[in-house]
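The values are calculated or read from the model by the stated rules, or taken from the named source; none is laboratory data. Keep in mind it's a predicted model, so treat the numbers as computed, not measured. As a convention, Cβ positions derive from the backbone with ideal geometry for all residues, glycine included, and neighbour counts pool all protein chains shown. Calculation scope for accessible area: heavy atoms of the full protein, side chains included, ligands and nucleic acids excluded. Shrake-Rupley method; radii C 1.70, N 1.55, O 1.52, S 1.80 Å.
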Amino acid sequence: MEARTANRTCLAIVLAAGEGTRMASARPKVLHAVAGKSLLAHVLEAVAKSGVTAIAVVIGPGQDGVAAAARRIRPDAAIFTQHARRGTAHAVLAAKAAIEQGTDDILIVYGDTPLIRPATLARLRAPLAAGAALAVLSFRPADPTGYGRLIMQGDELVAIREEADASAGERAIALCNGGLMALAGNSALAILGKIGDHNRKREFYLTDAVEIARGMKLRAVAVEVEEDDVRGINTKGQLAEAEAAAQQRLRKAALDSGVTLVAPETVFLCADTKFGRDVVVEPYVIFGEKVTVEDGAVIHSFSHLSGAHVGKGVSIGPFARLRPGTRLGEGSRIGNFVEVKEAVVEAGAKANHLSYIGDAFVGANANVGAGTITCNYDGANKHRTTIGKDAFIGSNSALVAPVEIGEGAYVGSGSVITENVPPDALALARGRQTVKEGWASRLRGLKSLGKKKAHSRD
Ligand code: UD1
Ligand code: CA
C-alpha cells in the first residue's frame, strides 16, 4: 500500500493561522517550542520527510514571523494568508490556488500537532491509493476534552462531531479526530466548496468534509494511531504534555543509539541533540539547542549545555555550563562550576574548577587554574583572550582581554594580567608579599596588656 502511495503526487497544506489566545500568549501558537524546536518546524519537517511533492503553509494576516519561520524551515513552501479566522476548512481554501494545481492526494496537517511522524502521514494517505476519497487519523486520548468525536459505522467513518456541537451521547465516544486529513485530489475541491458554517461557532469546519463526502457517495475512513502522534496543542498544559512525550521519544532514541542515560527521566534533550557512541550522561543534565557530543564523552550531573560541540572522551561537570560557540577538543576537561562561552578549548586542555572562559582560545594541554576568569567585557565591547598551548594559568587569575598568553607561559596565581605574556615567560601581576617577623605575638601582647588595665579600673 505504501509503495503505491510513494508514486502518487501529494500537496501538503499546513494550517498555521491563529493567535496564541488559548495559550495565553502574545506569541503565535505554532512558534511555541517542543524539544527546542517550534511546533511549525516539527510539522514541516515531518511533512517533508513523508515524501510529499509540494507544501503550502496557511498563516494569519500580519503573521510575518510565522511566514519567516516557514521560509527558513522549508524555502520551497508556498505561503498563503487566511485573511479572517473562519475555521479549518476556510483556512484550507486559502490555499485553493495550490489545490488547483491538481495532485493525486491532498494532505491537511494542523500546525499544532508537532509529534506527527512521517510514517504516520504515509499511513494516512494509504487509503486514498486504495480508493477512499477521505481519510482521517483517529486516536483514543486519555482526556478527550476539546477534540472532535468520530462517528463510525463498522469500518466506515460517517461523521465527525465537534465537541461544541456534540450531544451528551456523542461526547461519550472515546474515538477522536487527530486533526489531520487526506483528501483525494479529484474530489477535494468539490467537497471543500460545500462546507458551510452552520454550527455553534459559525466556523467552516474541515471536519464537515466527512458527511459531505458520504453524501456524494464517496468513501471516508479512519486510521487509528497512538495518542502521541496526534497530540494537539491548544493550551500551555497540552504544550507541557507534548514536551513530556517528545522527551520520552528522544531519550529512547538516545538509548537505542548506544548512549548511557543513567536516569533517563531526568535528562532533557533537544530535537537536534547528536550523540556519538558510548557517551555517558549522568542524572539531571539539560541539553539546549545545537549540541553535538562525540564518542566516549562523559557529562556529569547538573550540567547545562547549549550550542556546544563536545569532542571525543571529554569530561564535563558536574555543574558545568556550556554556552553557544563552545568547542571542546578531544580529551579536554571542563570541571565543576566552569562556564564556557564562544570559546575553543583544544585537545587535552583543562579548566577543572570555578572558572569563566568566554570569547577565548585555550591551546592544547593548557591548564586553567581554579577561579580563573577571562574578563571579556569592558562594559561596551567583548574582547578575546588567547591562551597558548601548554600554558599554565595559576589559580584565581584575571585575564583582562584583549590579551594573549604565549605558548608554555606561566601566570602566577592571583595575577591580574593586562598585557600580553610572551611564550615560555612567567608573568606575575599581584602585590608583592611582605613578612614582618614576630608581628603577631607583639599584637597579642598589646591586647592582653589592654585587658589587664581594663580590669584594674573595676
Ligand atoms: C481541530 C478539529 C478537531 C480535532 C482537533 C485535533 C476542526 C473543526 N476541529 O479542533 O476535530 O479533534 O483539531 O487537534 O477541524 N486554523 C487556521 N485557521 C482557522 C482555524 C484554525 O489556520 O480559521 C489552524 C490552527 O492554527 C491550528 C489548526 O488549524 O493549527 C487547528 O485549529 P484549532 O482551532 O486548534 O482546532 P481544534 O479546536 O483543536
Ligand atoms: Ca488544536
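Odds and ends about this structure:
- Of the strands (runs of 3 or more DSSP E) lying entirely inside the stretch 344-452, those containing at least 1 residues that are open to solvent by 70 Å² or more (accessible area, probe 1.4 Å) and of a type outside the set (F, W, Y) are 350-362, 403-405.
- Number of the condition not met by A132 [criteria: (1) within 15 Å of ligand 1 (Cβ to nearest atom); (2) touching a strand residue (DSSP E or B) at 6+ places or on another chain (Cβ under 9 Å)]: (1)
- When L322, L328, L354 are checked against the criterion of being at pLDDT 95 or above and either within 20 Å of the chain's Cα centre (by Cα) or within 30 Å of A46 (Cβ to Cβ) (or both), L322 stands alone in meeting it.
- Matching option when the condition is touching a residue at least 60 places away in the same chain (Cβ under 8 Å) and touching a Gly at 6+ places or on another chain (Cβ under 9 Å), among H32, H90: H32
- Residue within the stretch 258-267 that is open to solvent by less than 10 Å² (accessible area, probe 1.4 Å) and either of a type in the set (V, I, T) or within 16 Å of ligand 1 (Cβ to nearest atom) (or both) present: yes
- Matching residues, the stretch 179-222, being open to solvent by 50 Å² or more (accessible area, probe 1.4 Å), within 14 Å of ligand 1 (Cβ to nearest atom) and touching a strand residue (DSSP E or B) at 6+ places or on another chain (Cβ under 7 Å): E211
- Flag: V291 does not match the condition of being more than 17 Å from the chain's Cα centre (by Cα), more than 14 Å from L115 (Cβ to Cβ) and either among the hydroxyl-bearing types (S, T, Y) or at pLDDT 95 or above (or both).
- Odd one out for L175, checked against (1) open to solvent by 50 Å² or more (accessible area, probe 1.4 Å); (2) more than 16 Å from ligand 2 (Cβ to nearest atom): (1)
- Qualifying residue in the stretch 45-58 (condition: of a type in the set (V, I, T) and within 10 Å of ligand 1 (Cβ to nearest atom)): yes
- Some residue of the stretch 335-342 being in a loop (DSSP other than H, G, I, E, B), within 21 Å of T374 (Cα to Cα) and small (G, A, S): no
Per-residue answers, yes or no, for (1) over 27 Å from A41 (Cβ atoms); (2) of a type outside the set (V, I, T):
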site	(1), (2)
I195	yes, no
D229	no, yes
T235	no, no
A245	no, yes
R249	no, yes
A254	no, yes
L261	no, yes
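- Of the criteria (1) within 20 Å of P402 (Cβ to Cβ); (2) in contact with a Gly (Cβ under 6 Å, 6 or more places away or on another chain), which one N381 fails: (2)
- Screening the stretch 55-158 for strands (runs of 3 or more DSSP E) wholly inside it with 1 or more residues that are polar (S, T, N, Q), closer than 20 Å to E19 by Cα and open to solvent by 10 Å² or more (accessible area, probe 1.4 Å) returns the ranges 78-81.
- Hits in the stretch 159-169 (condition: open to solvent by 40 Å² or more (accessible area, probe 1.4 Å) and over 35 Å from the mean Cα position of the chain (by Cα)): D165, S167, A168, G169
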